[in-house]
1. Please enumerate the residues belonging to region B:210-225 that are open to solvent by less than 40 Å² (accessible area, probe 1.4 Å) and over 19 Å from the mean Cα position of the chain (by Cα).
2. Among A:PRO118, A:PRO64, which is the only one that is surrounded by fewer than 16 Cβ atoms within 10 Å (Cβ to Cβ) and either closer than 27 Å to A:THR244 by Cα or over 21 Å from the mean Cα position of the chain (by Cα) (or both)?
3. Would you be able to tell me the number of residues in region B:253-266 that are assigned to a helix (DSSP H, G or I) and either open to solvent by 20 Å² or more (accessible area, probe 1.4 Å) or more than 9 Å from chain A (Cβ to nearest Cβ) (or both)?
4. Which pairs turn up if I take residues in region B:270-288 that are more than 7 Å from chain A (Cβ to nearest Cβ) and look for partners that are among the hydroxyl-bearing types (Ser, Thr, Tyr) with beta carbon separation below 6 Å, at least 6 apart in sequence or on another chain?
5. Looking at (1) open to solvent by less than 60 Å² (accessible area, probe 1.4 Å); (2) of a type outside the set (Phe, Trp, Tyr); (3) modelled with pLDDT of 90 or more, which one does B:LEU129 not meet, given that it meets all the others?
6. Considering only region B:61-100, state which residues are free of Cβ contacts under 8 Å to residues at least 24 places away in the same chain and farther than 21 Å from B:GLN24 by Cα.
7. Of the numbered conditions (1) closer than 22 Å to B:THR204 by Cβ; (2) of a type outside the set (Phe, Trp, Tyr); (3) within 11 Å of chain A (Cβ to nearest Cβ); (4) in contact with a Ser or Thr (Cβ under 6 Å, 6 or more places away or on another chain), B:MET250 satisfies every one except a single condition; which is it?
8. Test B:VAL316 against the criterion of being aliphatic (A, V, I, L, M), open to solvent by 30 Å² or more (accessible area, probe 1.4 Å) and within 14 Å of chain A (Cβ to nearest Cβ), and give yes or no.
Amino acid sequence: MSGGDVVLRATTVEKEYPSRRGPPVRALRGVSLQLERATTLGIVGESGCGKSTLSRLMVGLELPTRGQLDIMGEPVHPGRALARSIQLVFQDPFSSLDPRVTVEKALTEVLTVHHLAPERAQRQARVDELLGHVALSPRHRDRYPHELSGGQAQRVAIARALAVEPEILVLDEPTSALDVSVRAEMLNLLVRLQGELELSYVFISHDLSMVRHVSDIIAVMYLGQVVEQGPYADVLDTPRHPYTRALAAAVPVPDPGRRPSGQVDGAGAVTMVGEALTAGPAGPTSDGCPYLPRCPLAEQVCAETAPQLGAIGPRHRVACHVALRTARGLPLSEDVPV
Amino acid sequence: MTGGTGVTGGTGVTGGAVHAEEEQPLLVLRDVRIGLHERRGPVEIVRGVDLGVMAHEKVGIVGESGSGKSLTVLSVLRLLPDPPIRLLGGTVEYAGRDLTTMDERALASVRGAQISMIYQDPMTSLNPLLRVSTQIVETLTAHTTPKHDARRRCSEVLHQVGLTDPDRVAHAFPHELSGGMLQRVMIAMALAVSPRILIADEPTTALDVTIQRQILDLVGELHETTGMAVVWVTHDLGVIAQFVDRVVVMYAGRIVERATTEELFVRPVHPYTVALLGTLPREGAAHRSPLTQIGGQPPDPSRLGKGCPYRQRCPVAFDRCSEEEPPLLPAANGGVAACWRAEE
């Protein structure tokens with residue numbers, strides 16, 4: 001992991017959406033995160049956890065209700081032009097490419113809008129360079145989206161994001177619309193590009209094995225809050241929040257001889273009960289832990305005060321009363337049973 | 001490829017597993033061929049699939065988009081989107097009767113009563129204008145359950161699929177429920193009739209992993225308690241590894257490998273299976289170490305030509321592979337593989 005150069009910082013970001021009945025929906029609750037240059041921050045969580053809201057805030061498509069987002073040291077504020085330094089790549093490449101526009105046009109458009117390569121020859125050279133970055137050949141220039149495979153279309157989407165020379169790419173489920181064999185290609189490409197262009201990634205996915213493969217730091221979100229974060233191995237190999245453990249345990253491992261990870265021996269059942277409450281009015285009250293209704297480890301304190309993220313390892317933090325108390329009574333080694 | 005080659009050595013039905021001889025498969029697909037009608041004439045996209053499903057077993061069908069896995073299972077209950085896609089040949093036998101030629105009324109008594117199907121998109125099986133309870137009760141009464149029992153069964157199954165408030169869900173219209181809830185409603189509807197076979201076409205792909213786990217656990221439990229056979233179509237190798245007993249791998253409209261789950265993951269034989277397993281991030285491998293890529297792309301079904309359809313992407317292809325398409329041959333892992341090198 002390189003330096004301590006922070007390219008993106010979220011400080012107690014809150015996002016509320018008005019609701020016709022009752023109080024506003026709280027989609028994000030006090031999210032604080034940071035992304036260091038040329039590293040990857042993985043964000044995992046299930047539908048409704050706020051990960052997509054967070055990605056929209058990061059690229060400036062929406063503004064936080066409270067709290068602050070800094071990109072390259074500058075706060076995102078109303079009226080600020082959409083930052084060139086941060087680009088979003090969506091899950092479905094075909095929905096973000098115009099079906100009537102060739103690959104070349106899709107790329108030159110971006111260059112023209114941002115006045116990046118004023119002369120025609122420059123633009124041509126830049127298009128070839130961009131295609132080269134994503135391992136497409138110049139013969140793909142004249143193709144229309146329908147003439148591309150899913151993997152190729154996603155490469156074009158990435159090339160287009162790269163056209164404005166961003167520092168940060170926000171990748172929202174970049175591999176989930178792709179076939180298994182193409183996923184590997186895409187992950188290899190992203191890892192290579194990160195090295196070559198010193199890119200920083202926010203990698204949002206529900207696929208823990210993909211997130212693990214590319215991330216340095218992983219943040220686990222539940223109902224608009226970060227409930228656990230830390231180096232990838234800490235979070236996924238020794239998950240401490242009961243939600244992270246349930247999530248890790250639920251992932252089917254492609255190895256018939258092995259049970260899913262996350263089922264920590266001797267820790268008792270971590271399987272959660274019920275289904276996620278939606279954020280907002282129907283969600284949990286502001287007292288107490290948001291995970292309480294599903295938590296098999298809940299205690300009295302969990303109903304009274306919401307847990308804050310607290311250190312449980314050198315860079316590993318968790319928002320769980322039980323995990324924090326257990327860890328405090330014991331040395332901070334990796335073998336601590338939670 | 002002819003249907004006969006697929007059942008070489010009797011493995012077409014049992015996938016090499018040793019079954020007692022008297023045990024008959026519940027469902028047998030023989031030489032199933034499915035075509036897409038284009039102006040130039042039909043293009044075969046499922047090219048002779050042989051598959052047997054025993055009672056009490058869970059079979060997984062794995063493959064990528066375009067491999068023909070979904071069409072194969074859709075053809076079982078004659079649910080192919082015809083036009084433009086139709087069955088060109090082959091038979092689908094259930095309990096000794098051919099479903100492909102059965103009259104509609106007889107088929108209706110099999111559909112949804114003895115063989116249930118669930119899909120990736122729950123709205124495929126739900127009517128947006130009817131309350132959930134009406135739809136489930138209707139399914140049950142259509143198959144001769146008295147109305148009173150049907151109501152009781154309805155709340156029972158909604159509870160079974162892990163819905164926390166089954167009564168509220170029963171009274172809701174589909175648009176009032178979330179995607180995950182609808183998915184479970186559809187599954188409840190399929191399971192309400194206690195089918196002998198459940199065919200699932202990627203029903204959990206769009207769901208969160210924790211919900212997926214609940215559904216796999218539920219189906220697994222029903223399989224244990226009622227002996228319901230399961231055919232699970234997916235591209236998720238994790239689900240395959242954790243859930244099914246036996247796997248068929250499809251590529252370019254054919255089964256290219258068939259083996260027990262254990263053997264397939266430990267000793268994959270077909271180069272495509274080997275490559276597919278290699279693409280997964282492996283635990284224990286160095287962080288960010290490059291994943292195996294499968295070069296090239298699946299072939300265009302209208303331009304297959306002779307020879308093995310995987311040959312252009314195959315690292316071990318030799319002369320014979322471009323001349324003759326290999327039939328399913330006995331493989332070193334006890335299963336069968338459509339590869340001239342299967343026995344090596």
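The values are calculated or read from the model by the stated rules, or taken from the named source; none is laboratory data. If you're wondering where the values come from, they're calculated on a predicted model, not measured in any experiment. Ideal geometry is used to build each Cβ from the backbone, glycine not excepted, and the neighbour counts take in all protein chains shown. Surface areas here come from the heavy atoms of the whole protein model, side chains and all, with no ligands, DNA or RNA. Shrake-Rupley method; radii C 1.70, N 1.55, O 1.52, S 1.80 Å.
1. Correct list: B:THR210, B:ILE211.
2. On the way: A:PRO64 fails: surrounded by fewer than 16 Cβ atoms within 10 Å (Cβ to Cβ).
Step by step, each of A:PRO118, A:PRO64 is checked, and only A:PRO118 is surrounded by fewer than 16 Cβ atoms within 10 Å (Cβ to Cβ) and either closer than 27 Å to A:THR244 by Cα or over 21 Å from the mean Cα position of the chain (by Cα) (or both).
3. Going residue by residue through region B:253-266, those that are assigned to a helix (DSSP H, G or I) are B:261-266.
If we keep only those that are either open to solvent by 20 Å² or more (accessible area, probe 1.4 Å) or more than 9 Å from chain A (Cβ to nearest Cβ) (or both) too, we end up with B:262-263, B:265-266.
Number of matching residues: 4.
4. The qualifying pairs are B:TYR272/B:TYR251; B:TYR272/B:TYR310; B:GLY278/B:THR292.
5. Single failed check for B:LEU129: (1).
6. If the condition is that a residue be free of Cβ contacts under 8 Å to residues at least 24 places away in the same chain and farther than 21 Å from B:GLN24 by Cα, then B:PRO81, B:ASP82 are the ones that fit.
7. (3)
8. Details: aliphatic (A, V, I, L, M): yes; open to solvent by 30 Å² or more (accessible area, probe 1.4 Å): yes; within 14 Å of chain A (Cβ to nearest Cβ): no.
Judged against the criteria, B:VAL316 is not a match.
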